Amino acid sequence: MAMLLGLRMGFVVGVALLGPLLPPVTQAQAQAQIGPAAAPMHGAQAVDMTVLEAHLAAQNWSAADAETRRILDPWIHPGGNIVTTPLATNLPPEVLQTLDRLWVEASDGRFGFGVQQQIWAEELARSPMDSRAATQAFGQRVGWTRPAGMADPTLIAGEWLTEMELTHSLAAPRGHLPWVGVSWADISRLLSVQSCGSCTIDAMFVQGERFYQYLPLFYEWVDTALEQGPERGCRLKAANHVLVGDAIQPNSSIGGEGALVVHSLEVVDSIPRVGMAAEELGWVAPLAF
């Protein structure tokens, strides 16, 4: 108990460096404040993406990242409960498909759930019997884990970066955004609950162990959701050519630079062959699948 009290006191000092803590609230108030209280919407048609589209068009990556989490939270955190493992399979496939498309298009294939899922699949293939090792390797590749020697200003975040420490620019590693962690405002509310003996431990879970529990479930569902979408495949940019079946054909209807989407997973599996043909045509490398 003394150790936990010391940890919490140290946390308060750390947060003071980052900005004032929110005023103390009761546990019931915190539960009401964390996450949207409305019932989850069903289907992409019920989701207003205009704010997200505006942020992405302006390349305001920080605001777009926060808006993406706002859109997803009603499904993954029903009732605003951020302490339990998020419910990834509650997310409608069409919502994930739309979000992925918007992020991929805005970042020219650098960001998006599909980009992240590809990286996740590669790391899981390297550690098929150890999802924890795959999660850690994934976090390192997308830049979500703390580099060796980098101090933790909150004293509770540990190896995973907080929302405040992310790189909201195209200079970030591939797949860095959108982030699937919990906002620092929500964690701060959790820590400000009065007479809560476990809130520091809960905050440490949300900022640490939650990644190991949630990421394998989330990217398995992302893979399933994107498989159902009309744009599942490998996005390439071409000059006056399209892919018809397995054959690359000239396309006089495309003026200048055109966009190509390969819908077949069999074609994606034969990327070396397609890649060589693309290189001969002066195409850019595959952006995402």
Query raised in the report: How many Å² of accessible area per residue for the range 155-212, probe 1.4 Å?
Result: 32
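I'd like to check one number: the per residue accessible area of the range 55-127, probe 1.4 Å, reported in Å² as a whole number. Could the numbers behind the result be given before it?
Numbers: 2490 Å² over 73 residues.
Result: 34 Å² of accessible area for each residue.
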Report summary line: The percentage of the accessible area of the range 71-124 (probe 1.4 Å, all protein chains present) made up of carbon and sulfur atoms, to the nearest whole number, is 49
Requested in this report: From zero up to wherever the largest Cα-Cα distance of the range 97-222 sits, split into 5 Å bins and tell me the percent of pairs in each.
Outcome: 2, 11, 19, 21, 20, 14, 8, 3, 1, 0
Report task. Highest first, please rank the peptides 79-85, 214-220, 174-180 by the mean number of other Cβ atoms sitting within 10 Å of their residues. Result -> 174-180, 214-220, 79-85
**Report entry** Under-5 Å amide H pairs with residue 193, H placed in peptide plane, nonlocal only
**Finding:** 25
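The values are calculated or read from the model by the stated rules, or taken from the named source; none is laboratory data. Nothing here was measured: the structure is a model prediction, and the numbers come from that model. Counting neighbours? That spans all protein chains shown, and the Cβs are built from the backbone with ideal geometry, glycine included. Surface accessibility is based on the protein's heavy atoms, side chains included, excluding ligands, DNA and RNA. Shrake-Rupley method; radii C 1.70, N 1.55, O 1.52, S 1.80 Å.
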